[in-house]
Every structure is written in C-alpha cells, then in structure tokens.
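Written below as structure tokens is the structure these notes are about.
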Amino acid sequence: MTDFFDALETRTPAEREAAQMAALSAQVAHAQQHSAAFATILKGVDAGSVTTREALSKLPVTRKHELLDLQKASRASGGDAFGGFSALVRGPAMSRVFASPGPIYEPEGASADYWRTGRALYAAGFRQGELVHNSFSYHMTPGAFILEAGAHAVGCTVFPAGTGQTEQQLEAVRDLQPNAYTGTPSFLRILLEKAAEAKVDVSGIQKASVGGEACPPSLTAWFKERGVEVYQTYATADLGLVAYETAAREGLLLEESVIVEIVRPGTGDPLPEGEVGELVVTTLNPAYPLIRFGTGDLSAILPGACPTGRTAPRIKGWMGRADQTTKVRGMFVHPAQVAEITKRFPQILKARLVISGEMANDQMCLQVEASDVADGLREQIETAVRDTTKLRAQVQVVRPGSLPNDGKVIEDARSYQ
C-alpha cells in the first residue's frame, strides 16, 4: 500500500516521539487545569518536567475500575456524572454523552472524527463514495458512533443498521449493496451464513472493520474465502482508537494520538519490548485527557516497522485481561500483591502465582525466576507471601526465562468439575 490517511503515518520514529513528548507535557498541564479528577491524581506533579517516557512512568496509573469508582462517588454526592474526568462542559462542545456498562459515562467532543477511527478505516481500504453497513449498537454505548465518525472522515455514506433484526439487515444489504461492513465479526459471520442460506447476493461487501470481540486468524481466513477482507480495530469508549490492523497483517499499528506503555500487571512499571503486560494508554485528546489509563487488556510491543510503510509502533493485539484477581480460601489475591512480593527481593526477575487443587482444597505455588538462590531465599519469600496475602504458599525457584511470556501474574489452574 503506497497511500496513507495523512502524513503523520510516515513520520520517522524520532519525529513522532519528539512530537508526542512535547504534546505530553502540555496534556498533563491541561489535565491538571481542566479535569478535576486529574487535578487531584496529578497533584504536585510538575507538568513541565514530564517530557520523557521515563518521567511518564513515574505518574500513577488510573485503571478503569478506579474511574468507575470515582464517577459513582461523585454522582452519589450530587457531583459531576463524569467524576471530574471530562474537560468539556455541556453545550456545543459536547455533542453526545454515552453510557458503558457500570455505568461509566463518556463524553463525545464536537470535533470531526472525534474518536480518530478514520485512520483505521482508510487502512482497511474504505474510500470516499462507498456505503458502509454499520451494525454496531446505536443504543447508549458509543460503538456505532465511533465507527460512523471514521467512515464520514474517509468520505463514506453510512447505513445505521445497529444490532439484531438479521432478516431486515440482510434485506437492506441486498437492496443497498454496501461496499463495506463495520461491527462485530460474529454478526458479520451470521449475515454471510444467512445470506448463503437465503441465496441473497451480498458480494458487494468486500471489506470490513471489526471490533468488540476477538477475531482469530482462522475466522479472518473464513471471511476471506467468502470474498471479505476483514481488519481488526481496537478502540474503547474512553480512549477512542488505540490501534488498528493494516494490510500487512502483522499486529496492530498504534494510533498517532496515543502514547502506549506495556506495564507489569498490578503495577505501573513499564516492561521491555516483547514482554506481555497490561496496555496503559495516555491520550492526547484535550476533551477527555486520560493520563496513564490502565485498559485492563494484555498485549506486547512488536519489534520492527510495519511493512506498509507506516512507522508507528505496533502491538500484538488483544491477548486477554490483565486483572487476574482471584479468590483463594475465601481471600482475594491481586496481581499488585504479587508485584509487592517481587519488589522485596532484587534476586527475583519474574514471578507467577499458580493456584491449583480442587474446590475447597486450594493450593498456591509462587514460581519465581531468580538470578541468585541464596540460602533461605525460599523461606523468606514464603514469609513475604504469607505477610502480604495472609495465605500460605509453596515457593518454586525456576531458571531465568522459563516462565511463559503471556502476561499472567496469577494463573488459576484449579479444577471446577
């Protein structure tokens, strides 16, 4: 592919990093001044000094459940429904308000392509003058509007199909002959299967941008066999577009207006390239300035550049959930507790808490990669586990590099049969 959505996509990595770090300092200052929540979260932070990734990594991570708790507390006291996170006020600058499960309320700014998905749709081959069949929900949640705004940014016309009513949607596809589809991959599969059963011509749909659920390579291949090139889009109601798939099919490319870190689950500590951890995103959106927002999703940074000529970093895509909190013998055990134990011992390179056994007979084993197994180390770690979790655990020391690189800090391997 030789054409791009805009010139930002082909900046050198150094140019992008310099521009993002310059914008980061201004965004931190903006958040402190215009978001009551971040005025508290970032109290005492010198925004002018936050000009590097190292400085960014020192700021606290705000995870989704914390945002929800702050919103609920604010609403309970008669305060702002957004919990002080929105920098917008109702009126022309705030075109819509959405509700995600929780409920978490999200504002939509009035700017064109507010969610920045035009870039993802362009990479998926969407072009001006085409008709897009949009089957994301138009009810309360922003999914449909996120993709619709991107389609308009590319110059497409949108059919707002929404969810459900498969027969009516299939009728609309037959009559309107859309060029492209946006929605979940599972509903696209339903449409194609129903079309085959009913002998309805849906060959006009030759490309799709899907999200909201996993789309494994086997399903992508299934769609391709039926003439539809499917591309994945990773966006959230809080952040807008975070990453998107290109024709290279090698991971997901990061959007130009987000700064992404991969951190060890339960902490804010950045991990090196290739290590699986929690995706933490700082958005440069002034309307909803989220600084180090923990998505709760696992991913990893891929090495190298995208073969399409786009130069932004890439992630592997969605690799599961980072919040691995589980209950053991009636007590909750959190990834942050495993991280706390690990930090007490500089010999520990990596740790993984494995919960095994049958119901009512839970057993814990903390597997640790250690550079030096000194006398008494196991016993000291076992004591630290007991002090931190109030539970007993066996400690198993394994050779460096032997634990899986899957982002799991807590593995629930119990039998529930």
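Every read-out reported here was derived from the displayed coordinates using simple, explicitly stated rules and does not represent laboratory data. Keep in mind it's a predicted model, so treat the numbers as computed, not measured. Every residue, glycine among them, receives a Cβ derived from its backbone with ideal geometry; neighbour counts consider all protein chains shown.
See the values below:
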read-out: For the range 1-92: rounded, prolate or oblate by the Cα gyration tensor [a/c cutoff 1.5]; value: prolate
read-out: Phi to ³J(HN,Hα) by Karplus 6.51 cos²θ - 1.76 cosθ + 1.60 over the range 294-305, Hz, x for Gly, Pro; value: x, 6, x, 9, 8, 6, 8, 7, 8, x, x, 10
read-out: Across Lys316/Lys408; Lys64/Lys408; Lys72/Lys408; Lys43/Lys64; Lys72/Lys390, pairs whose alpha-carbon gap is larger than 26 Å; value: Lys72/Lys408; Lys72/Lys390
read-out: Most fluctuating residue given options Leu192, Leu284, Leu377, as computed from a GNM of the chain linking Cα atoms under 10 Å; value: Leu377
read-out: Taking the range 307-417 and dividing mean pair separation by its residue count, relative contact order in percent (alpha carbons under 8 Å, at least six apart); value: 30
read-out: Cα-only Debye scattering, the range 326-412: base-10 log of I(q)/I(0) at q = 0.13, 0.22, 0.23 Å⁻¹; value: -0.37, -1.08, -1.17
read-out: Protection proxy ranking of 253-266, 164-177, 223-236 - average other beta-carbon atoms within 10 Å, highest first; value: 253-266, 223-236, 164-177
read-out: Distance between modelled label sites at Glu15 and Ala413, nm, 7 Å Cα→Cβ extension; value: 5.0
read-out: Linear extension gain, Val373 paired with Ser186, 0.36 nm per residue minus alpha-carbon span; value: 62.4 nm
read-out: Overall Cα dimensions of the chain, principal axis frame, Å, largest first; value: 74, 51, 47
read-out: The chain, dipole about Cα centre (Lys/Arg Cβ +1, Asp/Glu Cβ -1), debye to the nearest 20; value: 560
read-out: Within a Gaussian network of the chain (alpha carbon springs, distance under 10 Å), most fluctuating of Ala99, Ala322, Ala31; value: Ala99
read-out: Gain upon complete extension [Arg344, Gln394; 0.36 nm per residue less C-alpha separation]; value: 16.3 nm
read-out: Computed helical MRE - 222 nm, the chain, DSSP H runs ≥ 4 contributing -39500 (n - 2.57), nearest 500; value: -8500 deg cm²/dmol
read-out: Computed label-point distance, nm, for sites Gln363 and Glu273 using a 7 Å Cα→Cβ extension; value: 4.2
read-out: Total formal charge among the other residues, if their Cβ is under 15 angstrom from that of Asp269, Lys/Arg +1 and Asp/Glu -1; value: +2
read-out: Most fluctuating residue given options Leu279, Leu88, Leu252, as computed from a GNM of the chain linking Cα atoms under 10 Å; value: Leu88
